[in-house]
Amino acid sequence: MSAEEALEYIKSHQEGVLQSDLWKVLNIDSRKCSRIVAKLMKESLITREIESIDGIRTYRLLYADRTHSRRFKSLMAVDIFEPCAGCIEECMPEHCAKLSEWIFAIVIGEDEEGEISKIPLQDHGPASP
């Protein structure tokens, strides 16, 4: 069992895997699994969150997707990072093009396949001159 095989298994489970289940599924002992997990964490390929299952402490292992980090998820709209975080420009938010684009990305959203879903516009008839 290699770290690469463990990483592939963790990647294949979007909700993550329990470390206590990983060593059983991969047919290795818990000590070897701990060493593999430590190596993957050191390389920042996975993250580990403490979890309790039936009163027993274990860890949920999650693939550290660098493009969609859970840490910054609230600052992301589609693939656009919130523009005001770290901004040093002195602007008025209601006139900021970058902020407007980010808000628009939130409003139009994204479906499960990663495609931007469009909100249908209401037809109010022809514009009057």
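The values are calculated or read from the model by the stated rules, or taken from the named source; none is laboratory data. Keep in mind that this is a model prediction, so the values were computed, not measured. We place every Cβ from the backbone using ideal geometry, glycine too, and count neighbours over all the protein chains shown.
Within the range 66-110, the residues that satisfy the criterion of being of a type in the set (S, T, N, Q) and at pLDDT below 75 are Thr67, Ser69, Ser74. Residues of the range 1-16 that are touching a Lys or Arg at 6+ places or on another chain (Cβ under 7 Å) and outside any loop (DSSP other than H, G, I, E, B): Ala3 alone. Residues in the range 51-65 that are at pLDDT below 90 and in a strand (DSSP E or B): Glu51, Ser52, Ile53, Ile56, Arg57, Thr58.
Considering the range 30-57 alone, what residues qualify as being over 18 Å from Leu7 (Cα atoms), free of Cβ contacts under 8 Å to residues at least 24 places away in the same chain and within 19 Å of the chain's Cα centre (by Cα)? Within the range 30-57, Ile50 is the sole residue that qualifies.
Would you check which residues across the range 1-58 are out of contact with any Leu (no Cβ under 7 Å at 6 or more places or on another chain) and among the hydroxyl-bearing types (Ser, Thr, Tyr) and list them? Listed by number, the residues that qualify are Ser2, Ser12, Ser20, Ser30, Ser34, Ser44, Ser52. Tell me which residues, restricted to the range 1-44, are under 21 Å from Asp65 (Cα atoms), at pLDDT 90 or above and among the aliphatic types (A, V, I, L, M). Passing the criteria: Ala6, Leu7, Ile10, Val17, Leu18, Leu22, Ile36, Val37, Ala38, Leu40, Met41.
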